[in-house]
Amino acid sequence: MIYNDGYKTDGNLRFVNCPKCGNEEYSEEAKYCRICGFSAYNECEGSPEYDNFGNVIDFNVHRNVGNARYCEYCGKPTMLFNEKLLKPYTEVQAEQAEDPFPFDEALPFN
Ligand SMILES: [Zn+2]
Ligand SMILES: [Zn+2]
């Protein structure tokens, strides 16, 4: 199954429209929406990287595609999911089960 309820991103995984306020103007180097301050990327919560002594030496945040509820690289929730801008997958499945033609597919004439 394909979860097609995400937000469109460009080739650099930046949102084409802000998921929160709908703004579509981003400067070239923008990391946040200039209207509402929302991140311009679907970033995960991130995970710390430790050295051999258990000290945090780095904090890795990953950019994900527009329908990712969880990071594909570290498994942490993404900001779209935390901000409830994406529904839990179980809800999407339940909706699709109710409606067998969710994409307004026309029935072919015989
Ligand atoms: Zn915005
Ligand atoms: Zn991650």
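What to note about this one:
- Condition met for Glu49 (more than 24 Å from Met1 (Cα to Cα), open to solvent by 20 Å² or more (accessible area, probe 1.4 Å), touching a Lys or Arg at 6+ places or on another chain (Cβ under 6 Å) and within 12 Å of ligand 2 (Cβ to nearest atom)): no
- Total residues in segment 15-51 satisfying the condition of being in contact with a strand residue (DSSP E or B) (Cβ under 7 Å, 6 or more places away or on another chain) and either farther than 13 Å from Met79 by Cβ or of a type in the set (Gly, Ala, Ser) (or both): the figure is 10.
- The C-beta contact set for segment 54-77 (first residue polar (S, T, N, Q), second residue more than 9 Å from ligand 2 (Cβ to nearest atom), distance under 6 angstrom, 6+ apart or interchain) comprises Asn60/Glu49; Asn64/Asn42; Asn67/Tyr3; Asn67/Gly6.
- Residue list for segment 52-69, filter: surrounded by 16 or more Cβ atoms within 10 Å (Cβ to Cβ) and assigned to a strand (DSSP E or B): Arg63, Asn64
- Where Glu43 falls short, out of the listed (1) out of contact with any His (no Cβ under 9 Å at 6 or more places or on another chain); (2) within 9 Å of ligand 2 (Cβ to nearest atom): (1)
- The single condition from (1) under 29 Å from Met1 (Cβ atoms); (2) away from ligand 2 (no atom under 16 Å from the Cβ) that Ile35 fails is (1).
The values are calculated or read from the model by the stated rules, or taken from the named source; none is laboratory data. Remember, predicted model here, so these are calculated numbers, not experimental data. Cβ sites come from the backbone with ideal geometry, for glycine too, and all protein chains shown count toward neighbours. Accessible surface is based on the protein model in full, side chains and every heavy atom, while ligands, DNA and RNA are left aside. Shrake-Rupley method; radii C 1.70, N 1.55, O 1.52, S 1.80 Å.
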